[in-house]
Amino acid sequence: MKLDEVDLKIINILKANSRVSITEIAKALNLSRQTVKARIERLENEGVIEGYTIKLASSFENLGSSAYLLANTEDAEKILEMEEVVEVNRIASKKYLIRVQLNSLEDLSRVMDKAEILEVFPVTERIAKEVPFKAKVNYRCDYCGKEMCDEPIVYRLKNKVYVLCCKTCLREFKEIQKEN
């Protein structure tokens with residue numbers, strides 16, 4: 001397909017902002033709405049434009065946040081084995097509320113591949129009641145062996161619970177587990 005100057009201008013406008021309206025493009029290029037609409041449809045039909053997408057801010061590329069997923073699944077135990085899954089609660093016969101800790105959108109995709117996800121609820125704010133500990137328990141980091149005074153980072157993998165002292169030990173521990 002041969003693209004002319006108008007086609008290239010339309011493509012550049014859409015690349016900059018895929019949500020821009022046909023009216024706005026028409027005004028920017030001093031063309032009629034019908035002309036712009038016809039050009040865009042032609043570009044889509046001929047495979048030049050395959051879709052419209054978004055560009056995430058870097059803060060969302062590395063989420064590091066929690067979300068709750070409403071899901072249908074036959075095998076909740078299999079879901080719980082995933083490293084991103086923190087908690088699984090049955091709320092109806094085959095419906096579960098799954099709490100996940102996500103570092104990236106790929107983490108979310110991996111979880112979504114394992115169950116029929118009905119809805120995703122990102123945690124935007126956590127409001128929690130501080131519950132005082134009745135007994136003090138000392139832990140040793142499962143990666144470096146350091147004794148911990150603070151609350152440990154809890155990591156679950158294949159129905160086992162590991163405690164780690166810091167994010168660095170958690171990251172290194174995960175790397176070792178991937179190799180095994």
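The values are calculated or read from the model by the stated rules, or taken from the named source; none is laboratory data. Just so you know, these numbers come straight off a predicted model, no measurement behind them. Don't worry about glycine lacking a Cβ; one is built from the backbone with ideal geometry, like all the others, and counts go over all protein chains shown.
Observations on the structure shown:
- Criterion: closer than 22 Å to Leu164 by Cβ and not small (Gly, Ala, Ser) - qualifying residue of Val120, Val86: Val86
Okay, residues lined up against (1) of a type in the set (S, T, N, Q); (2) outside the structural domain of Ala67 (by TED's automatic domain parsing); (3) farther than 16 Å from Glu84 by Cα; (4) in contact with a helix residue (DSSP H, G or I) (Cβ under 7 Å, 6 or more places away or on another chain):
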{"residue": "Ser109", "(1), (2), (3), (4)": "yes, no, no, no"}
{"residue": "Lys146", "(1), (2), (3), (4)": "no, yes, yes, no"}
{"residue": "Arg156", "(1), (2), (3), (4)": "no, yes, no, no"}
{"residue": "Cys169", "(1), (2), (3), (4)": "no, yes, yes, no"}
{"residue": "Glu175", "(1), (2), (3), (4)": "no, yes, no, no"}
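- Restricting the first member to the stretch 39-53 and to residues that are closer than 13 Å to Lys15 by Cβ, and the second to residues that are hydroxyl-bearing (Ser, Thr, Tyr), the beta-carbon pairs closer than 8 Å and six or more apart or on different chains are Tyr52/Ser18; Thr53/Ser18.
- In the stretch 140-158, the count of residues that are under 28 Å from Asp75 (Cα atoms), out of contact with any strand residue (DSSP E or B) (no Cβ under 8 Å at 6 or more places or on another chain) and either exposed (fewer than 10 other Cβ atoms within 10 Å of the Cβ) or charged (D, E, K, R) (or both) is one or more.
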